[in-house]
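Report on one structure; see the data block that follows.
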Amino acid sequence: MSTVLVFLTMDSDETHKVMEFQCGPMRSVTLPYGAQWVPDMPGYWTREATDANIIAEIAKACPPMAAAGIPLPQCVSFKVITQEDIPKSREFRDAWEHDGTTIVHNMEKARQIHMVHLRQARVDALGALDMAWMQAIGQKDSTVADAIEAQRQALRDLPNTVPVETAQTVKELTVMWPEGLPR
């Protein structure tokens with residue numbers, strides 16, 4: 001079986017997809033658009049990765065509406081890519097874009113994704129500190145409660161203290177993680 005990777009640029013501007021286009025030989029009871037039965041291999045078909053065949057497969061993979069009548073993102077362009085074009089780290093895959101040559105990261109989107117991750121980690125850390133703070137208050141231990149409150153305040157201030165706007169690459173973003181904040 002052979003496949004061709006296709007990068008789909010979607011109209012939602014929030015999602016892009018990498019699709020595997022199956023060329024064959026594949027076994028099925030029906031013949032997909034643009035495919036031909038393989039001689040001497042009953043039930044197997046093959047097809048070329050032409051623009052028309054790829055567009056037909058994209059139309060199947062990206063229906064215009066969900067079952068509930070909700071519009072779904074639509075492909076506005078595609079580009080055949082190789083495995084080497086795909087970034088090794090998938091951490092910021094929602095920020096991927098194709099620049100006409102290869103897949104690059106939209107840094108504005110990557111910064112927003114990083115902030116979402118920081119905020120979620122902060123929420124988790126605050127939840128743990130809230131329990132410890134309430135226990136200290138219940139035991140009337142103001143020294144411990146004050147120390148915990150200082151940690152809580154540092155977490156509340158956190159998004160404003162991480163200079164994500166200075167990051168020019170996703171590698172720079174990934175190292176912008178406050179010490180002590182769980183990943």
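The values are calculated or read from the model by the stated rules, or taken from the named source; none is laboratory data. This structure is a prediction, so every number in the text was calculated from the model and none was measured. Virtual Cβ from ideal backbone geometry, glycine too; neighbours counted across all protein chains shown.
At a glance:
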item: Residue that is farthest from the chain's Cα centre (by Cα) [pool: residues in segment 137-183 that are under 28 Å from Pro87 (Cα atoms), of a type in the set (A, V, I, L, M) and assigned to a helix (DSSP H, G or I)]; result: Val164
item: Matching residues in segment 29-50 - criterion: being surrounded by 12 or more Cβ atoms within 10 Å (Cβ to Cβ) and either of a type in the set (Gly, Ala, Ser) or in a strand (DSSP E or B) (or both); result: Gly34, Ala35, Trp37, Tyr44, Trp45, Thr46, Ala49
item: Selection count, segment 70-92, where residues are under 30 Å from Asp157 (Cα atoms) and either in contact (Cβ under 8 Å) with a residue 12 or more places away in the chain or aliphatic (A, V, I, L, M) (or both); result: 3
item: Sole residue being modelled with pLDDT under 90, within 30 Å of Pro159 (Cα to Cα) and surrounded by 11 or more Cβ atoms within 10 Å (Cβ to Cβ), chosen from Ala95, Ala125; result: Ala125
item: Criterion violated by Phe78 - all others in (1) in a helix (DSSP H, G or I); (2) surrounded by 14 or more Cβ atoms within 10 Å (Cβ to Cβ); (3) modelled with pLDDT of 90 or more satisfied; result: (1)
item: Selection within segment 44-61 - within 23 Å of the chain's Cα centre (by Cα) and not hydrophobic (A, V, I, L, M, F, W, C); result: Glu57, Lys60
item: Count of segment 82-136 residues which are of a type in the set (Phe, Trp, Tyr) and either farther than 27 Å from Ser12 by Cβ or in the same structural domain as Ala167 (by TED's automatic domain parsing) (or both); result: 1
item: Test: Ser12 is touching a residue at least 60 places away in the same chain (Cβ under 8 Å) and either closer than 29 Å to Glu91 by Cα or of a type in the set (Phe, Trp, Tyr) (or both); result: yes
